[in-house]
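The values are calculated or read from the model by the stated rules, or taken from the named source; none is laboratory data. These figures come from a predicted structure and were not determined experimentally. Counting neighbours? That spans all protein chains shown, and the Cβs are built from the backbone with ideal geometry, glycine included.
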Amino acid sequence: MSKTVKVKLSRLKFPSTCVVCMSPASRSYEMLSTVRHTTRKRSYVKIHVPMCGQHFEAVSFKSTGEKLVGVLGIFGGIGAWIATLAVLLWMTGQENLLTKAFVSFGASIVAWALIAGGLASRFAEPASLEARSAVRILNYAPRDDDLWLEFHNESFAEIMQRTT
Ligand SMILES: [Zn+2]
């Protein structure tokens, strides 16, 4: 289970315990998130989450599988680009070659970012997934400075609620 806490971003202060396991925190992990309010308005929220050494390692650690997916993604992206461009040229002829090259490049990048992004997290170590999902920035209201954070660890969330 997880618990959501509403805090003021400018007065946000975490206890000095690890957000995952509640042991004394020795590192802080920087989390960035973009909160969309409307299609044009958005805020960038940056928080520093306290973690013990072990969970800081876990959160930053990329498994061999994740790295491999990243590398394959690059080659796959280039392959998909050439293939899409070839199909486009075959179907519509050779005029506007540059536009077609751009369009197919964009399409293959988006497709591969989605595939590689989804695949990479499947290959992540369970410990890193646990640490990465310890806190989630749910929403932010800039006018009232209200920030909603979701904590996986309910005891941590309760301390947050009591101290802010
Ligand atoms: Zn920890």
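So here's what we get for this one:
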quantity: Qualifying positions in the range 38-87 - among the small types (Gly, Ala, Ser) and farther than 13 Å from TRP112 by Cβ; calculated: SER43, GLY53, ALA58, SER60, SER63, GLY65, ALA86
quantity: Looking only at the range 123-143, and only at residues there that are assigned to a helix (DSSP H, G or I) and in contact (Cβ under 8 Å) with a residue 12 or more places away in the chain, the one that is nearest to the chain's Cα centre (by Cα); calculated: ARG132
quantity: Within the range 138-157, tally of residues that are among the small types (Gly, Ala, Ser) and loosely packed, with under 15 Cβ neighbours inside 10 Å; calculated: 2
quantity: Looking only at the range 1-22, and only at residues there that are away from the ligand (no atom under 16 Å from the Cβ) and either loosely packed, with under 13 Cβ neighbours inside 10 Å or hydroxyl-bearing (Ser, Thr, Tyr) (or both), the one that is farthest from the chain's Cα centre (by Cα); calculated: ARG11
quantity: Scope the range 1-57; condition within 17 Å of TRP148 (Cα to Cα), in contact (Cβ under 8 Å) with a residue 12 or more places away in the chain and polar (S, T, N, Q); matching residues; calculated: SER2, THR4, SER10, SER33, SER43
quantity: Any hit, the range 23-36, residues being surrounded by 13 or more Cβ atoms within 10 Å (Cβ to Cβ), within 16 Å of the ligand (Cβ to nearest atom), at pLDDT 95 or above and among the hydrophobic types (A, V, I, L, M, F, W, C); calculated: yes
quantity: Selection count, the range 150-164, where residues are over 14 Å from VAL20 (Cα atoms) and either in a loop (DSSP other than H, G, I, E, B) or at pLDDT 95 or above (or both); calculated: 1
quantity: Hits in the range 42-60 (condition: surrounded by 13 or more Cβ atoms within 10 Å (Cβ to Cβ), away from the ligand (no atom under 16 Å from the Cβ) and of a type in the set (Ser, Thr, Tyr)); calculated: SER43
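The rows are residues; the columns are (1) over 21 Å from GLY70 (Cα atoms); (2) in contact with a Cys (Cβ under 7 Å, 6 or more places away or on another chain); (3) loosely packed, with under 15 Cβ neighbours inside 10 Å.
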site: GLN94; (1), (2), (3): yes, no, yes
site: LYS100; (1), (2), (3): yes, no, no
site: TRP112; (1), (2), (3): no, no, no
site: ARG136; (1), (2), (3): yes, no, no
site: ILE159; (1), (2), (3): yes, no, no
